[in-house]
Every structure is written in C-alpha cells, then in structure tokens.
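Read through the structure below, which is laid out as structure tokens, and then see the notes.
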Amino acid sequence: MTTDLDVGVTLGPCVLVVDQQVVARYADAADDHNPIHFDDEVARALGLPGAIAHGMISGALIGRLLAAELGPQWVRHGRLRLKFVRPVELGSTVVARGWVTSTEPLSVELRAETADGVLAITGSAMLEM
Amino acid sequence: MTRIRQDWDQMRVGQTFGPFGYVVRPEVVESLRSAIGDEELVEVDGEAVAPAMLLTFPFLQLIEAKYEPPPGVIHAGQEFDLYAPVRVGAVLTCTGTITDMSRRRNRRYYSVASEAVDDRGVLVARSRTTAVYPEVDLRSRDY
C-alpha cells in the first residue's frame, strides 16, 4: 500500500478527461459500441442529454485509484460496490476519490464526480482478508 | 452462435449465460490502460496483469454472446468480489445468471450474477451487474 490508511485518510484524486478519444479507445477495448456513447440523436431519443461516456470508464478510474492505493491485495481480496448515479457527458473531467471509513476491515467510501460537480458514481470498497 | 434479440418479456430470473471463453489479450489490456491512464499494478508476482475492471468486458460479452441488446441499455450498478489477478494471456471461462428483474420508478432493471475462472482453474472474480432496460425500443427506427 502506498499510503498510511487510517480512518479519514483521503485516497486520490485520480483525474481523467473523458473525451471522444477515451470513449472510442474504451469502446474498442470493451467491444461495447452501444450508440448512446457515440450518437447524440439516439441518446436524446432515449431521454439522455446527448452521447454519454460508458459508466465503467469512471468505474475503471476508481479501479485505478484502488490499485494505486491498495496494491496487490486489491486484486486478491477487493470487494467493490458501485452505483451509477448520473451519466457523464463527453468532454467532462472526472475526478475519483476515496475516504477510509474503517481499518478492520479496511473500508473505503468512493465517489466519482465531474469537475462541474455532477455526481457520477457513489460506492464502497473493502479488503476482505 | 446465433444471437437472440434481447426482449424484456422473454428474459427470466434464473436464465443462464455461458460458459463463455474470453482471452485476456495484451492489446485489449493496453487499450484499456491507455484509455484510463492506468499504469498501476502492471505485474503481480512476476506476471503481467490487467486492471481488475477489465472483467467488466467478459461479463458484458457473456450476455451479449446470447442476446443482441437494444440500443440504450444503461449500466446502473456494478459489484466485484476479486479473488485473483487477471493475468494477461489468461483464458477466462465466464458464466452468469439473471438474478433479479424489477420495475422501480418506471424503469426496468435487471441484474446478472457472474463469475470468471481462469485456465489454471482459479476463481478470479464474482460479479453482479445491474442494468436499466430502455423504455423505448429504437431497433425498429431508422437512424
């Protein structure tokens, strides 16, 4: 682990500008070409404000944060719960942070929000040893 | 395998998916790392590994191998229980089951519980994916 993880310690932030290039690269990796991520007209027809990023782009940013802070124990004992609250519009800057809420077991509250203050994801992580 | 058009009315709790084989290809790992700017945990115990969140890919493809989804399925929740690193080059065998279908605040939700076992027989992860099924089916429209 890279930080002394006492209660109240903040993890991150991890920051990512979610532009079209990021969405295209993620879509190719995931083989997920849902038109709501590329086509404003389709997205609007479904009640969205326009094309939105894949929710798990922000989720993967949280994964990056946890890997950085928790190290190899994360991939062996990690428990992650994410709720996608609001979609992230293309061009947004997403900031992922965590707060240690318990040390035994190690538990972290998580948030990913845009630089404009739109809450995209809430969640929690735990190391279950 | 011929895919079935995914329709809410034909989905059932208890319906199963897989086994679905997924190779953790280096170029996919690199593409994910590049998209997210993720240079963490590149190796564990001397072996190249993928970001754990790559597991979303086979768990969604597991469903889409059977069903052709309508445009606009939206990810509402994601849970992971991680047990082992996702080795680059590993072949994951994934299975899943629909565990919940419900309507809340005029939206249709479904959840799929999945697991992935690697080619060494190691349980890599369990997952629960919750998605919102679109109220409007755009498949009959031209865009």
(request) Go through segment B:119-143 and count every residue that is farther than 21 Å from B:Arg5 by Cα and surrounded by fewer than 20 Cβ atoms within 10 Å (Cβ to Cβ). (result) 7
(request) Go through (1) crowded, with 21+ Cβ neighbours inside 10 Å; (2) out of contact with any Ser or Thr (no Cβ under 6 Å at 6 or more places or on another chain); (3) touching a residue at least 24 places away in the same chain (Cβ under 8 Å) and name the single condition A:Asp6 misses. (result) (1)
(request) Looking for whichever is assigned to a strand (DSSP E or B), modelled with pLDDT of 95 or more and either touching a strand residue (DSSP E or B) at 6+ places or on another chain (Cβ under 6 Å) or surrounded by 17 or more Cβ atoms within 10 Å (Cβ to Cβ) (or both) here; the options are B:Val28, B:Val49. Which one fits? (result) B:Val49
(request) Examine segment B:78-87 for a residue that is away from chain A (no Cβ under 11 Å) and at pLDDT 95 or above, and state whether such a residue exists. (result) no
(request) Please enumerate the residues belonging to segment A:82-95 that are over 16 Å from A:Asp19 (Cα atoms) and either part of a loop (DSSP other than H, G, I, E, B) or of a type in the set (Gly, Ala, Ser) (or both). (result) A:Val85, A:Arg86
(request) State all residues of segment A:79-99 that are more than 8 Å from every other protein chain (Cβ to nearest Cβ) and free of Cβ contacts under 8 Å to residues at least 60 places away in the same chain; if no residue qualifies, say none. (result) A:Val85, A:Arg86, A:Glu89
(request) Kindly list the number of the only condition in (1) in contact (Cβ under 8 Å) with a residue 12 or more places away in the chain; (2) surrounded by 14 or more Cβ atoms within 10 Å (Cβ to Cβ); (3) at the interface with chain A (Cβ under 9 Å from one of its Cβ atoms) that fails for B:Leu55. (result) (3)
(request) State all residues of segment A:102-129 that are more than 14 Å from chain B (Cβ to nearest Cβ), exposed (fewer than 15 other Cβ atoms within 10 Å of the Cβ) and over 12 Å from the mean Cα position of the chain (by Cα); if no residue qualifies, say none. (result) A:Ser102, A:Thr103, A:Glu104, A:Ala115, A:Asp116, A:Gly117
(request) Would you mention how many residues in segment B:95-128 are in contact (Cβ under 8 Å) with a residue 40 or more places away in the chain and under 23 Å from A:Ile62 (Cα atoms)? (result) 9
(request) Looking only at segment A:57-78, decide whether some residue is surrounded by fewer than 19 Cβ atoms within 10 Å (Cβ to Cβ), of a type in the set (Gly, Ala, Ser), part of a helix (DSSP H, G or I) and within 7 Å of chain B (Cβ to nearest Cβ). (result) no
(request) For segment B:74-91, state whether one or more residues are within 22 Å of A:Met126 (Cβ to Cβ) and touching a residue at least 60 places away in the same chain (Cβ under 8 Å). (result) yes
(request) Looking for whichever is free of Cβ contacts under 8 Å to residues at least 40 places away in the same chain and under 30 Å from B:Leu138 (Cα atoms) here; the options are A:Asp40, A:Asp116. Which one fits? (result) A:Asp40
(message) Can you find, within segment A:34-45, the residue that is nearest to A:Arg81 (Cα to Cα) among those that are at the interface with another protein chain (Cβ under 8 Å from one of its Cβ atoms) and surrounded by fewer than 18 Cβ atoms within 10 Å (Cβ to Cβ)?
(response) A:Pro35
(message) If the requirement is being modelled with pLDDT under 95, over 21 Å from B:Arg87 (Cα atoms) and not in a helix (DSSP H, G or I), which of these qualifies: A:Leu48, A:Leu110?
(response) A:Leu48
(request) Could you tell me which of the residues B:Val42, B:Val73, B:Val28 is within 10 Å of chain A (Cβ to nearest Cβ), aliphatic (A, V, I, L, M) and touching a helix residue (DSSP H, G or I) at 6+ places or on another chain (Cβ under 7 Å)? (result) B:Val28
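The values are calculated or read from the model by the stated rules, or taken from the named source; none is laboratory data. On a predicted model such as this, the values are computed, not experimentally measured, just so you know. Positions of Cβ are generated from backbone atoms using ideal geometry, with glycine treated the same way; all protein chains shown enter the neighbour counts.
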